[in-house]
Amino acid sequence: MASSSSSTPIHGNYHGYYIKRPFANDPRVAVLPASIFEGARVLDVGCNEGWVTCEIAQSKGAKKVVGVDIDDKLVRLAWKRRRHVWTLQDPFTSGKHQEEHETQPVRKRRKVDGDNGEAEASKPSLQADYFPASFEHMFSPLPIPPVDYPDGPGRTEFPHNLTFRAADWVNNEILEDKEGYDAVLAFSISKWIHLNGEDEGLMRFFRRVHSVLRVGGTFVLEPQEWESYHKARRMNPKLKSLEHLKLRPDDFERILRDIGFGPPEHLGKIGEGGFKRPIDVYTKLN
Ligand SMILES: C[S@@+](CC[C@H](N)C(=O)[O-])C[C@H]1O[C@@H](n2cnc3c(N)ncnc32)[C@H](O)[C@@H]1O
């Protein structure tokens with residue numbers, strides 16, 4: 001595993017990444033069909049400080065979400081993020097409260113584009129920012145009730161549905177892999193795996209994703225473009241030279257097909273500025 005004290009982020013293990021990428025609702029997640037997450041077991045490889053992972057666990061109906069990162073310091077921050085998100089959350093959004101809450105006068109929620117108002121009257125909302133963030137600084141974050149706490153969130157609800165692991169996932173299994181996943185996310189990580197593990201490491205990663213997914217499961221890949229490899233190498237002289245790499249991001253579709261995935265659905269280039277990258281969705285065929 002990467003030394004968390006290493007000042008050169010040779011694995012793309014940037015600290016403060018989500019300050020540069022300040023999306024409360026990540027557009028890469030927003031563009032994905034909701035069915036990928038509903039009732040699903042989801043693995044987020046290279047979860048960094050866990051912002052995207054928390055968003056999926058909190059608001060996408062996933063029954064289990066696992067974030068894994070090679071940098072143990074980032075994983076500690078991801079656990080902190082989980083508690084922070086829990087602290088700000090509307091106390092009535094937990095599933096066990098839901099039915100009870102439906103019979104109560106519905107709390108007003110902000111209108112969202114495309115919302116016809118009917119949904120507003122019939123559904124309790126998930127207010128992810130119910131408390132001002134300053135409360136946490138003044139009073140410390142809220143404790144998370146144990147999983148068997150009466151009327152608390154259940155095992156498959158946020159935050160109990162969310163776990164983080166520190167591991168080099170390309171080369172090591174984690175406990176949750178045994179049960180497999182319905183979806184694996186690889187946002188902005190393929191370049192780092194490729195640069196560090198070369199073609200062989202990248203192939204191992206793709207085969208590992210295939211092996212932990214159930215048939216019909218989804219692999220969401222946001223590959224970085226080849227041009228950006230040069231910049232990464234310039235900024236991280238510790239990385240091996242690019243001349244050993246034969247594979248290119250344009251080859252990924254063919255490689256994944258050979259491994260057992262169907263043709264990808266290209267959801268377009270999502271994001272802003274240097275973060276505008278393709279989001280490709282693959283289905284495991286066999
Ligand atoms: C550029 S960041 C992207 C973070 C996040 N996926 C996103 O796009 O919002 C890449 C992350 O992948 C992690 N990473 C790189 N190689 C890894 C590996 N072999 N196993 C687990 N995590 C890895 C890095 O530590 C870093 O946090």
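Observations on the model:
- Pairwise centroid distance, computed over Cα atoms, of segment 216-281 with segment 33-80, Å: 20 Å
- H230 sits among other residues whose Cβ lies under 14 Å from its own Cβ, and their net charge, with Lys and Arg +1 and Asp and Glu -1, is +3.
- Using the Cβ-Cβ distance between D251 and T156 with R0 = 35 Å, the FRET efficiency computed as 1/(1 + (r/R0)^6) comes to roughly 0.40.
- Based on Cα contacts under 8 Å between residues 6+ apart, the chain shows a relative contact order of 19 percent.
- If R0 is 51 Å, the Cβ-Cβ spacing of K238 and D148 corresponds to a FRET efficiency of close to 0.60.
- Free of any trypsin sites (Lys or Arg not before Pro) that DSSP assigns to a loop and that have at most 15 other C-beta atoms within 10 Å, the longest stretch within the chain is 1-106.
- Distance between the 7 Å Cα→Cβ label points at K20 and K231: 0.8 nm.
- Helical mean residue ellipticity (222 nm; -39500 (n - 2.57) per DSSP H run of 4+; nearest 500) of the chain: -9500 deg cm²/dmol
- Across segment 157-286, Cα pairs under 8 Å and at least six residues apart give a relative contact order of 26 percent.
- Modelled FRET efficiency - R0 41 Å, E38 with S140, Cβ distances, 0.05 increments: 0.75
- Neighbour cut-off at most 16 other Cβ (10 Å), DSSP loop, chymotrypsin sites (Phe, Trp or Tyr not before Pro), segment 180-277: W226
Each reported figure results from applying straightforward, stated rules to the coordinates on display, with no laboratory input. Since this is a predicted model, take the numbers as computed values, not measurements. When we count neighbours, we look across all protein chains shown, and the Cβ atoms used for this are built from the backbone with ideal geometry, even at glycine.
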